[in-house]
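A short worksheet on the structure shown next.
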Amino acid sequence: LALERLKKESLKSALEINTSVRRVLAETLISKGFLEAPPVIFSIVTDPLNHPVYDPSFMYGDYKYSLTKSMIFHKQILVQEIPKFFIFSPNVRLETPDKAASGRHLLEFTQLDLEIKNAHREDLMELAEELYVKTIEYVIKHNSKALQSLGRKLKVPSRPFKVYKYLDLQEKYGDDFEAKLSKESSEPFWIIDIPLESREFYDREKDDEPGILRDMDLIYPEGFGEALSGGEREYKIERIRERIIKKGQTFEQFHWFLEIAQSGLELSTGFGIGIERFVRYICGFKRIEDVHPFPKVPGE
């Protein structure tokens with residue numbers, strides 16, 4: 001089965017597009033003064049996530065390490081000294097088998113992860129739109145043969161993208177609002193102001209709307225779902241501790257991060273773009289494993 005996958009022309013087209021996506025994202029950020037940082041593959045602290053996954057952890061010496069689910073804590077620490085950086089970060093999330101049906105989950109994947117010090121949500125939304133549009137423009141121009149072989153027609157979306165509030169969409173469409181609106185949309189759109197219970201403790205609560213976060217998700221059109229997730233970070237130690245308690249977690253889980261946060265953090269904002277999901281959308285594939293030569297799918 002692996003050899004059959006490797007022989008597919010569609011995989012070669014996907015890898016050609018994958019190369020272009022990474023090139024445009026990196027070159028655009030470097031031109032804006034970003035530095036590229038190396039990834040953290042495992043750590044004593046990683047993203048708790050807001051949904052259940054199996055925990056890939058192991059002991060080494062006296063410490064328990066987990067494979068990186070995301071570099072969120074490392075980003076918030078590094079940005080205090082390096083005010084603009086990005087990482088092509090390998091993430092391992094051992095999702096439950098039911099996620100296989102989505103067509104957009106892999107057990108290991110890569111995020112373009114970035115963070116900016118003293119930036120706000122709106123700054124990052126503008127940057128994300130620029131990255132998205134430049135990538136689509138480049139692929140249309142330089143990967144036209146690959147797109148043609150896949151039978152895929154892309155159009156460059158107009159900016160700024162539409163913006164919706166989470167609770168407004170939930171009221172109009174029900175709990176499955178993201179999937180429903182993605183299917184009926186022909187251009188990407190934003191979902192902002194996400195409720196606290198739907199996110200992790202590290203994203204910043206609005207000062208004027210308790211329980212609502214300064215978060216944003218970018219959603220692909222045509223039913224392809226989430227493209228990007230990010231937000232402003234809690235940076236005041238008392239707010240961080242309060243949020244951990246609200247989420248039913250313990251200080252001990254995050255003691256390394258809390259020790260550093262105790263000495264003082266400045267506001268930062270960041271996001272992560274799933275590279276494989278971006279390539280899947282550009283190629284128009286029904287399933288995400290078609291972009292990867294050696295995919296690991298939940299439940300398999």
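The values are calculated or read from the model by the stated rules, or taken from the named source; none is laboratory data. What you see is a predicted model; the values in this text were computed from it and never measured. All Cβ positions, glycine included, derive from the backbone under ideal geometry; neighbour counts span all protein chains shown. SASA here: full protein model, heavy atoms, side chains in, ligands and nucleic acids out. Shrake-Rupley method; radii C 1.70, N 1.55, O 1.52, S 1.80 Å.
For this structure, a couple of remarks:
- Residues that are open to solvent by 50 Å² or more (accessible area, probe 1.4 Å) and charged (D, E, K, R) within region 169-186 comprise 171, 172, 175, 176, 180, 183, 184, listed in sequence order.
- Counting only residues that are part of a helix (DSSP H, G or I) and either among the acidic types (Asp, Glu) or buried (at least 17 other Cβ atoms within 10 Å of the Cβ) (or both), region 141-168 holds 5 of them.
- Scan of region 58-90 for residues that are touching a Ser or Thr at 6+ places or on another chain (Cβ under 6 Å), without any contact (Cβ under 8 Å) to a residue 60 or more places away in the chain and crowded, with 18+ Cβ neighbours inside 10 Å, ordered by number: 68, 69, 71
- Which numbered condition residue 34 fails, given (1) at pLDDT below 95; (2) buried (at least 17 other Cβ atoms within 10 Å of the Cβ): (1)
- For residue 94, the criteria (1) within 20 Å of residue 294 (Cβ to Cβ); (2) open to solvent by 30 Å² or more (accessible area, probe 1.4 Å); (3) in contact with a His (Cβ under 7 Å, 6 or more places away or on another chain); (4) not small (Gly, Ala, Ser) hold in every case but one, which is (3).
- On the stretch given as region 95-124, residues that are more than 15 Å from the chain's Cα centre (by Cα) and within 18 Å of residue 41 (Cα to Cα) total 1.
- Condition met for residue 115 (free of Cβ contacts under 8 Å to residues at least 60 places away in the same chain and under 24 Å from residue 30 (Cβ atoms)): no
- Summed over region 246-265, residues that are out of contact with any Pro (no Cβ under 9 Å at 6 or more places or on another chain) and within 28 Å of residue 218 (Cα to Cα) total 4.
- Test: residue 4 is charged (D, E, K, R) and more than 24 Å from residue 286 (Cα to Cα): no
- Flag for residue 36 being in contact with a strand residue (DSSP E or B) (Cβ under 8 Å, 6 or more places away or on another chain) and of a type in the set (Asp, Glu): yes
- Helices (runs of 4 or more DSSP H) lying entirely in region 1-84 (those with 3 or more residues that are within 25 Å of residue 119 (Cα to Cα)): 9-31, 72-78
- Residue identified as modelled with pLDDT of 95 or more and not acidic (Asp, Glu) among 110, 96: 110
- Taking (1) modelled with pLDDT under 95; (2) touching a helix residue (DSSP H, G or I) at 6+ places or on another chain (Cβ under 9 Å) in turn, residue 175 satisfies each apart from (2).
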